[in-house]
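The values are calculated or read from the model by the stated rules, or taken from the named source; none is laboratory data. Since the model is a prediction, treat every value here as computed from it, not as a measurement. Reconstructed Cβ throughout: ideal geometry from the backbone, glycine too, with neighbour counts over all protein chains shown. SASA here: full protein model, heavy atoms, side chains in, ligands and nucleic acids out. Shrake-Rupley method; radii C 1.70, N 1.55, O 1.52, S 1.80 Å.
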Amino acid sequence: MTILEIENLIARHGLLTAVQEVSLTVGRGEVLGVVGANGAGKTTLFRTISGVHPMTSGTIALEGQSIAGLTASRRVAAGIAMVPEGRRLFSDMTVRENLQVAGENGRIGSWNLDSVLGAFPALKPLLRVPAGGLSGGQRQSVAIGRALMSNPLVLLLDEVSLGLSPVAVEELYQSLGALKSARETTMIVVEQDLDRAMAFSDRIVCMLEGRVALEGAPSALGKSAITDAYFGLGREMADA
Ligand code: ATP
């Protein structure tokens with residue numbers, strides 16, 4: 001069953017059209033991986049879905065209801081949560097405070113401080129530590145936990161592994177794997193590591209210059225087709 005439906009979405013930065021007529025549907029409990037080169041429009045797409053960047057035209061519907069006219073905070077209340085690239089936390093606030101402040105704006109649901117700590121047990125001993133004193137992996141866990149505290153229907157994860165050590169990435173994806181297995185939270189994941197994106201996602205969307213260049217199950221598409229779409233090689237061959 002479709003939970004998020006985007007049609008003909010266009011978003012601009014001034015004269016530059018960063019997202020060009022993107023249409024996507026995401027099923028309940030599905031993990032959609034979004035890949036694409038730097039500047040392909042992935043972050044702008046996420047920011048437009050979550051309402052922190054204005055859309056120029058198109059439609060965004062969550063559970064069949066348009067959310068296009070809602071502010072970012074109302075979209076959180078409706079069930080859209082984004083973990084932005086760079087895991088922005090309140091550095092002076094403790095881990096507990098960072099998590100709790102997020103719960104105040106969200107939906108009612110099964111995620112609370114206890115269940116988030118169950119999903120990220122390494123945060124338990126850190127509850128009183130200011131977020132500014134955490135490692136990159138710990139900060140990312142708090143950022144994801146904070147998003148979960150709003151009980152999202154759809155969780156947008158923008159390059160969560162960026163800048164983390166291989167061990168931290170592994171740990172993070174173990175937690176995300178458990179989240180995926182529960183199939184309660186729909187996830188859209190921007191991931192630069194193509195192998196990881198293919199292994200983790202049920203379906204892959206490859207963006208190129210603001211458009212969806214390729215879409216399908218990772219096993220059906222295969223890595224070479226995804227790599228070609230990533231670099232726009234298929235298009236050049238077609239143009240030649
Ligand atoms: P990256 O992997 O580098 O984050 P991306 O696929 O997320 O790339 P976006 O960050 O959405 O892509 O950028 C899409 C296009 O919009 C790029 O050409 C980028 O230069 C431009 N862009 C992004 N943010 C802004 C901004 N704040 N002002 C002007 N142009 C922007």
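Structure notes:
- Restricting region 176-200 to residues that are within 16 Å of the ligand (Cβ to nearest atom) and either within 13 Å of the chain's Cα centre (by Cα) or within 11 Å of residue 31 (Cβ to Cβ) (or both), the residue that is modelled with the lowest pLDDT: 192
- Region 207-226 residues that are within 16 Å of residue 19 (Cβ to Cβ), paired with ones that are of a type in the set (D, E, K, R) and within 12 Å of the ligand (Cβ to nearest atom) (beta carbon under 7 Å, 6 or more apart): 207/42
- Only residues that are near the ligand (Cβ under 10 Å from one of its atoms), open to solvent by 40 Å² or more (accessible area, probe 1.4 Å) and assigned to a strand (DSSP E or B) were counted across region 6-15, and they come to 2.
For every residue, the table says whether it meets (1) open to solvent by 50 Å² or more (accessible area, probe 1.4 Å); (2) modelled with pLDDT of 95 or more; (3) within 15 Å of the ligand (Cβ to nearest atom).
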residue	(1), (2), (3)
17	no, yes, yes
26	no, yes, no
33	no, yes, yes
49	no, yes, yes
59	yes, yes, no
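- Taken over region 35-62, residues that are over 21 Å from residue 201 (Cα atoms) and not small (Gly, Ala, Ser) amount to 8.
- Residue satisfying condition, being open to solvent by 10 Å² or more (accessible area, probe 1.4 Å) and more than 15 Å from the ligand (Cβ to nearest atom), within set 2, 44: 2
- Odd one out for residue 131, checked against (1) within 16 Å of the ligand (Cβ to nearest atom); (2) farther than 26 Å from residue 32 by Cα: (1)
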